[in-house]
Amino acid sequence: MPDATALDGELIVREAGEAGRIAFERLQNRLRRRRAGARQAATAAPAHYVAFDLLRHSGTVTTHWPYHQRRTTLETLFRQQRLTAPWALCPATTDPVGTCGRVGRRLPPPGFLVHRNSDQDVCRWTSDRS
């Protein structure tokens, strides 16, 4: 990761035996462990960092950039750095069809992107202004 780069994301631990479900309790359990117990918990429940936004890139504050520019730069950063597990890039789409699947709402105005974290079944509309 380049110096002076800051990501917005979330540290997660997945549920054992359940395809991809997040287990917040397992993360809390890991935080309380020390020494050998911490190593054992890390092996049993590895943590992953899911990034969803780029706040600073190589010393440049990016929060005033349009979202699509931050997202493109974040995707490029993941490719250039060859980031893989435990790093993960949160999925995002401009196609509202099939996203979340739980609540139907009117389509957002042009220029909005659907930001989806499929691990938590959370969706939010992200404007280029945010």
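Along the Cα-to-C-beta direction of ASP3, a point sits 7 Å from the Cα; which residues of the range 42-64 have their amide N less than 11 Å from that point? From the range 42-64, the list is 59. Direction-averaged projected area, Cα convex hull, the range 38-85: 4.4 nm², rounded to one decimal. The trypsin sites (Lys or Arg not before Pro) of the range 28-95 meeting both criteria, a DSSP state outside H, G, I, E and B (loop) and at most 14 other C-beta atoms within 10 angstrom of the site's C-beta, are ARG33, ARG34, ARG82.
Exposure proxy for VAL50, VAL61: other Cβ atoms within 10 Å of each Cβ, ordered fewest to most, give VAL61, VAL50. With the simple model of a label 7 Å out from the Cα in the direction of the Cβ, PHE24 to THR76 spans 3.6 nm.
No value in this document is a laboratory result; all are computed from the given coordinates. Predicted model only: the values in this text are computed from it and were never measured. We place every Cβ from the backbone using ideal geometry, glycine too, and count neighbours over all the protein chains shown.
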